[in-house]
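Right, one structure below, let's go through it.
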Amino acid sequence: MKSKFNKYIAAFLIAGMAGLMASCTEDFESQNTKTNGFTEDLQSYDYMYYTLPLTIVEQGIYFNYDWGGGKNWPFQTMQNLEADMFSGYFHDMNGSFNSNNSTYHLNDSWTSSNWTYTYGYVMTAAKNAERRNADRPEFLGVAKILKVELMHRIADIYGPLVYTNYGESTGSEPDDMKTAYYAFFTDLDEALVAIRSYVAANPDKNPFKKSDFLTPNQTYGDWIKFANSLRLRLAIRLSGVDPSKAAEETKKALSDEGGVLEEPADVIAVNATTSGFSNPLGEINKGWGEVFMNANMESYLVGYDDPRISKYYNPAVGGSEGALFDIAGKYKGVRQGTGVTHSKYSDHSSSTVAQNTDAILLTAAEVWFLRAEAALRGYISGDPGEYYKKGVETSFAQWG
């Protein structure tokens with residue numbers, strides 16, 4: 001992390017959320033204008049008035065949003081030093097961080113930052129997109145799908161969250177998880193109705209195409225597949241506590257005529273080429289040299305001789321003075337919970353993610369794995385083993 005990074009505002013106190021949400025939503029227009037002088041009249045050309053807040057959300061899901069204080073160090077605390085380290089995907093060679101999340105001595109300002117910045121900037125744009133496009137189904141459907149993709153991540157990290165009443169001057173109380181998840185499903189229902197109503201009346205038009213940075217073919221059909229696949233993800237996550245609702249939503253997702261993501265190329269990702277997206281993890285990795293393979297990933301990928309390993313990580317450089325053994329050319333991860341303050345891990349396997357790497361949000365491989373679990377739970381017919389095998393094959397094909 002940059003040394004100039006100082007302490008910043010911690011998590012919003014739930015007790016004060018009502019006032020905060022009111023202040024955040026009263027001035028949507030000025031908060032979400034990228035350039036001074038970019039008036040509503042100018043934005044109206046080429047649908048920019050309707051799509052501008054949507055493009056903020058598209059990139060903001062992976063917090064590629066420069067609010068004036070930088071975007072890479074907020075992402076590092078939001079994702080890289082929080083979820084990525086906690087779950088065992090990546091580790092930082094910087095020894096000064098090892099006494100915090102690496103050893104499960106969670107840093108409050110890190111663990112609160114996803115909440116703080118998502119509500120402070122990106123959810124604001126998502127709500128703005130809904131309001132601007134209330135009478136524009138061609139954009140409203142996309143807005144609702146993006147909002148669900150954005151906020152289910154917050155629910156899965158923190159639990160209860162402000163969702164159904166977000167932006168209201170009164171009544172901005174947090175939803176419990178059941179209320180939030182049911183609201184996610186409702187938003188996906190409404191998104192599909194909106195998109196289909198527009199496509200039925202305008203079969204040859206796609207005014208969102210130029211602003212679509214996520215779907216592989218930039219079509220409304222892709223957004224329908226995205227919505228159905230997202231519904232399946234949410235249904236399976238709900239299966240341990242609400243199996244009847246999970247079964248209902250699973251069947252709805254897989255029976256929809258629009259289909260789900262199935263082929264290796266069916267990847268929902270922030271496209272670095274079309275969006276001008278600069279991957280913040282890539283900057284932390286390539287620019288700062290602080291993203292390394294976690295030893296957990298070494299155990300899985302090396303242990304199973306997984307050929308995808310070269311797509312995810314680089315071989316270790318090796319050569320640290322005083323090292324117990326030479327790791328040069330091997331895949332070597334940093335052990336979780338080291339609690340060590342030296343920086344000898346800087347010669348271990350780094351991530352392959354660069355500034356121009358697309359940020360993946362949802363893949364066909366995941367959908368096949370979700371199908372496997374749905375079949376295992378009896379929600380759908382079919383062989384769970386075959387679905388699982390298909391997921392593996394799809395992932396291998398996706399990564400070449």
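The values are calculated or read from the model by the stated rules, or taken from the named source; none is laboratory data. All values derive from a computational prediction rather than experimental measurement. Positions of Cβ are generated from backbone atoms using ideal geometry, with glycine treated the same way; all protein chains shown enter the neighbour counts.
The residues of region 263-311 that are under 30 Å from TRP223 (Cβ atoms) and without any contact (Cβ under 8 Å) to a residue 60 or more places away in the chain amount to a single one, GLY276.
Scoring LYS209 on the criteria (1) free of Cβ contacts under 8 Å to residues at least 40 places away in the same chain; (2) outside the structural domain of ASP108 (by TED's automatic domain parsing) leaves a single failure, condition (2).
Against the conditions (1) crowded, with 22+ Cβ neighbours inside 10 Å; (2) touching a Gly at 6+ places or on another chain (Cβ under 7 Å), where does ALA194 fall short? Just the number, please. So ALA194 meets the others, but not (1). Of the residues making up region 374-381, at least one is out of contact with any strand residue (DSSP E or B) (no Cβ under 6 Å at 6 or more places or on another chain), over 26 Å from VAL334 (Cβ atoms), in contact (Cβ under 8 Å) with a residue 24 or more places away in the chain and not in a loop (DSSP other than H, G, I, E, B). Please work out if TYR89 is under 20 Å from SER351 (Cα atoms), out of contact with any Pro (no Cβ under 6 Å at 6 or more places or on another chain) and modelled with pLDDT of 90 or more. The answer is yes for TYR89.
Among the residues of region 235-247, write down those that are in contact (Cβ under 8 Å) with a residue 24 or more places away in the chain and either in a helix (DSSP H, G or I) or among the charged types (D, E, K, R) (or both). Passing the criteria: ALA235, ILE236, ARG237, LEU238, ASP242, PRO243, LYS245, ALA246, ALA247.
The helices (runs of 4 or more DSSP H) falling completely within region 248-329 that include 2 or more residues that are outside the structural domain of TYR62 (by TED's automatic domain parsing) and among the hydrophobic types (A, V, I, L, M, F, W, C) map to 295-303.
With the requirement that a residue be closer than 18 Å to ARG231 by Cα and without any contact (Cβ under 8 Å) to a residue 40 or more places away in the chain, what does region 151-166 give you? Answer for region 151-166, where residues must be closer than 18 Å to ARG231 by Cα and without any contact (Cβ under 8 Å) to a residue 40 or more places away in the chain: MET151, ALA155, TYR163, THR164. Any residue at all in region 286-293 that is farther than 26 Å from PHE63 by Cα and of a type in the set (Asp, Glu)? No, region 286-293 has no match at all.
Taking ASP135 as the residue in question, decide whether it is surrounded by fewer than 17 Cβ atoms within 10 Å (Cβ to Cβ), more than 18 Å from the chain's Cα centre (by Cα) and not in a helix (DSSP H, G or I). Spelling it out, ASP135 is indeed surrounded by fewer than 17 Cβ atoms within 10 Å (Cβ to Cβ), more than 18 Å from the chain's Cα centre (by Cα) and not in a helix (DSSP H, G or I).
Does SER169 fit the bill of being of a type in the set (S, T, N, Q), exposed (fewer than 15 other Cβ atoms within 10 Å of the Cβ), more than 21 Å from LYS245 (Cα to Cα) and touching a residue at least 60 places away in the same chain (Cβ under 8 Å)? It is true that SER169 is of a type in the set (S, T, N, Q), exposed (fewer than 15 other Cβ atoms within 10 Å of the Cβ), more than 21 Å from LYS245 (Cα to Cα) and touching a residue at least 60 places away in the same chain (Cβ under 8 Å). Would you confirm whether or not region 94-103 contains a residue that is under 18 Å from the mean Cα position of the chain (by Cα), outside any loop (DSSP other than H, G, I, E, B) and either in the same structural domain as ASN64 (by TED's automatic domain parsing) or under 29 Å from TYR312 (Cβ atoms) (or both)? Scanning region 94-103, I find no residue that is under 18 Å from the mean Cα position of the chain (by Cα), outside any loop (DSSP other than H, G, I, E, B) and either in the same structural domain as ASN64 (by TED's automatic domain parsing) or under 29 Å from TYR312 (Cβ atoms) (or both), so the answer is no.
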